[in-house]
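Bear in mind that the values in this text are calculations on the coordinates, not laboratory data. Computed from a predicted structure; not experimentally measured. Cβ sites come from the backbone with ideal geometry, for glycine too, and all protein chains shown count toward neighbours.
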Amino acid sequence: MLTFTLSFKNLMGNGKRTWLNVSVLSVAFVVIVFFNGLLDGWNKQAETDTIAWETGYGRLSHPLYDPYDPYTLADAHGIPGLPQEVIAGEQALPILVAQASAYPNGRLVNIMLKGIDPAQSLLALPSRWLDSLPEGIRETTIPAIIGKRMAESAGLEAGDRTVIRWRDVNGTFDAREVTIAGIFRTNVPTVDAGQLWIPLETLRQMTGMYKETTYFVIGEELAGSSLWIGDKAGYGKWDYTPLEVLMEDIENVVEAKKGGMMVISALLLCIALLAIFDTQVLSIFRRQKEIGTYMALGMTRAKVITVFTIEGTIHALLAILLGAVWGIPLLALLRNYGIPMPDMSDQAGLAIGDRVIPAYSMLMILSTVLLVVITSLIVSYMPARKIAKMQPTQALKGKLV
Amino acid sequence: MTDNEIVTLRDLYKRFSAGKGLLTALRDINLTFGKGEFSGIVGPSGSGKTTLLNIIGSLDTPTEGTATVLGKQTGDLSQKEAAALRNHGIGFIFQTYNLLPVYSIYENVEFALLLQKTPARERKERVMESLQWVGLADRAQSRPATLSGGECQRVAIARSIVKRPALILADEPSANLDSVNTHHILKTMKQLNRELGTTFLFSTHDEKVMQHLDRIIYLKDGSVEKDELC
């Protein structure tokens, strides 16, 4: 207690220098919490949106289907061996995928045709719009919905018509006109860019892949069933990919971004710690006489080192308190309103909303507190070790104090 | 060493390295200081007064010979044991007072007792008693920066006496004081010496201090030149 009190009083005695260090460290502390919160929030939002718009809680795909290789699509379709009650339970949403070309405004655009049940409710895609075309148009063209990104890149608007060309199951080219029934906004670029969603049955007829499917999006209830635990034969030897695996890509991207942001955080922290280190070095140089006095009064060297180490570490504790005073209202405000993201930010490669809502978990805050305290303790201890080599008689001859 | 002896120095040498050679700061010192003495080591600058006081105060160790202080050979003590000896047995009064600037007068005096882990109630009594001895009880909550040099030195005396040490070492205590303050602090120290039986050992070259001493040891070039009772 004596060492702590003495350290605290010494620190307060340093006046402005202490508060300058504390302020810089508090900025570093709040910024680290903010960055981590932003990334965690982004990660959470990306996962939630991806589940809602694209993956559901699992995917049952044709054994030949590779989402990263469009050449597999020609063969990656079939009639799955899923039990009828599973299909009827609306927990397995069939999607058929085919390669195609579109000719919007006279340009050639390679697209992915995706067939989806207009009545589905498993994904957030507004597939009901596919049934919204007025009679007359519905009979002559294929209704399609596209995302905002696709609409912008192809120069299409709701109500526009464009020709698409595809190959059926026998490899024969065919072409028809589609009408854009609606343009949806989504944070998930992978259901938007280069994709055209049409009714599932229409695509099946167009391609001759009657009753066939490329993959199923699995709902939450079915994802938790024991069906996936046993032999693959239970679900027609297709490949079941659980949610954790589907989310790996998102997590990898977020982790990569976290690395970049950690560098910025580390730089900020280093600046703050450098200030503490400098203060400690200066303090030990200037306060030699005081150190000598402590020794003369009967303090052991170890205890004097402890006083100076605690003195430096209290910077961190004060910074956390100060950071809490101005950081909590600021971070709470940002959590309420979210961080606006620029238009181009969805090119980051994963779902990102117009605003990212930061998520501050207790674990993240506590680990940041621990990081700041431990690093401060280390940089405070390093210069304080010099005291161990100091002779009391030399220290008492110090010039100042 | 008899029970009455507080400090015994035998064949004591202290050498420092100076450039390529060695500088002998103290040579063949043989001295004994008894309980309740009010003695001074006198000599010009560089004669070895402070070095001798540092060795007695276990802040330094002899190169040769032995220094036995309160029954302990300072040269054989570990850092921790030397710190304990200083904490419990020896009080220091420095030329520049060496008060802790961030502490109040009360806290400065209390500091040594905190190191000894003295209970709070006893601590308070002893601190106030010490401050009353030096006439600064009413300034207990002041900061050292607000005191005059004489008052600071009186706080240093209170700080050294509060733990009731057997020995107080005062290194040039009057160097920064005028004659009135010098007289005042020496009167206080003499009174404490008489009332508590504390041994005082000064290093000084101040005539005003010498007038109050009972025994003066003259040092010249690190050797005892004269040892006389006054």
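Largest GNM mean-square fluctuation across B:ALA83, B:ALA120, B:ALA112, computed for chain B with C-alpha springs under 10 Å, falls on B:ALA120.
What number, rounded to the nearest 500 deg cm²/dmol, is the helix-based mean residue ellipticity at 222 nm of chain B, given -39500 (n - 2.57) per DSSP H run of at least four residues and division by all its residues?
-10500 deg cm²/dmol
Between B:LEU196 and A:ASP354, the modelled labels are 7.8 nm apart [label points 7 Å from Cα along Cα→Cβ]. Stokes-Einstein diffusion for the range B:1-110 at 37 °C, viscosity 0.692 mPa s, with a Kirkwood radius from C-alpha pairs, works out to 213 µm²/s.
With kT/(6 pi eta Rh) evaluated at 10 °C and eta = 1.306 mPa s, and Rh the Kirkwood radius from Cα pairs, the range A:84-136 diffuses with a coefficient of 118 µm²/s according to Stokes-Einstein. Extension gain for the segment A:CYS270 to A:LEU321, taken as residue separation times 0.36 nm less the Cα-Cα distance, is 16.4 nm to one decimal. Among complete DSSP H helices in chain A, those whose alpha-carbon atoms stretch at least 18 Å along the helix's long axis and whose mean Kyte-Doolittle hydropathy reaches 0.0 are A:16-50, A:248-286, A:301-337, A:362-384.
Give me the extension gain from A:SER101 to A:LYS397: residue separation times 0.36 nm, minus the current Cα-Cα distance, reported in nm with one decimal. Don't skip to the end; give the middle numbers.
Values: separation 296, 0.36 × 296 = 106.56 nm, distance 8.67 nm.
Gain on stretching A:SER101 to A:LYS397: 97.9 nm.
When restricted to Cα atoms, chain B yields an Rg and a Dmax of 17.3, 55 Å, respectively. Measuring nothing but how far apart in sequence close Cα pairs (under 8 Å, 6+ apart) lie, relative to its length, chain A scores a relative contact order of 28 percent. Look at where the Cα atoms of the range B:156-230 and of the range B:66-105 average out, and the two centres are 17 Å apart.
Taking label points 7 Å from Cα along the Cα-to-Cβ direction, B:GLN132 and B:GLN73 give a separation of 4.4 nm. Using Cα atoms only, what is the angle between the long axis of helix B:79-89 and the major principal axis of chain B, expressed in degrees (0 to 90) to the nearest 10? Here the helix axis deviates by roughly 60 degrees. This ranking places A:ASP239, A:ASP231 by how few other beta-carbon atoms lie within 10 Å of each, fewest first, which gives A:ASP231, A:ASP239.
Excluding the site residues themselves, the longest part of chain A lacking any GluC sites (Glu not before Pro) in a DSSP loop with at most 11 other Cβ atoms within 10 Å is A:158-401. Helical runs (DSSP H, four residues minimum) scored at -39500 (n - 2.57) apiece and divided by the length of chain A put the mean residue ellipticity at 222 nm at -15500 deg cm²/dmol.
Ratio of alpha-carbon Rg to the 2.2 N^0.38 Å globular estimate for the range A:239-347, to two decimals, please. Before the final figure, lay out the partial values.
Numbers: Rg = 23.1 Å, N = 109, 2.2 N^0.38 = 13.1 Å.
The reported ratio for this selection is 1.77.
Distance distribution P(r), the protein assembly as shown, all Cα-Cα pairs, bin width 20 angstrom from 0: 16, 30, 17, 14, 16, 7, 0 percent.
When all alpha carbon pairs of the range A:154-299 are counted in 5 Å bins from zero, the resulting P(r) reads 2, 6, 8, 9, 9, 10, 9, 8, 6, 4, 4, 4, 4, 4, 4, 3, 2, 2, 2, 0 %. In whole Å, how far is the Cα centre of the range A:9-85 from that of the range B:1-57? Their Cα centres are 72 Å away from one another. Remark on the range A:60-198: ratio of C-alpha radius of gyration to 2.2 N^0.38 Å is 1.06.
Nearest 5 is fine: what % of DSSP beta bridges in the protein assembly as shown come out antiparallel, could you say? Spell out each step's value before the answer.
Details: 56 of 85 bridges.
Once the DSSP bridges in the protein assembly as shown are tallied, antiparallel ones form about 65 percent.
With R₀ set to 25 Å, the beta-carbon distance separating A:VAL263 from A:TYR68 gives a calculated FRET efficiency near 0.30. According to the calculation over all Cα-Cα pairs in the range B:11-64, the P(r) per 10 Å bin from zero is 21, 55, 20, 3, 0 %. Annotation for A:LYS389 and B:ARG121: the two label points, set 7 Å from Cα along the Cα-Cβ direction, are 4.9 nm apart.
Take the Cβ-Cβ distance between A:ARG167 and A:ARG128 as r, set R0 to 30 Å, and report the resulting FRET efficiency rounded to the nearest 0.05. Before the final figure, lay out the partial values.
Numbers: r = 29 Å, r/R0 = 0.96.
Computed FRET efficiency for A:ARG167 and A:ARG128 comes out at 0.55.
Springs join every pair of Cα atoms under 10 Å in this Gaussian network model of chain B, and among B:GLU37, B:GLU110, B:GLU64 the largest mean-square fluctuation is at B:GLU64.
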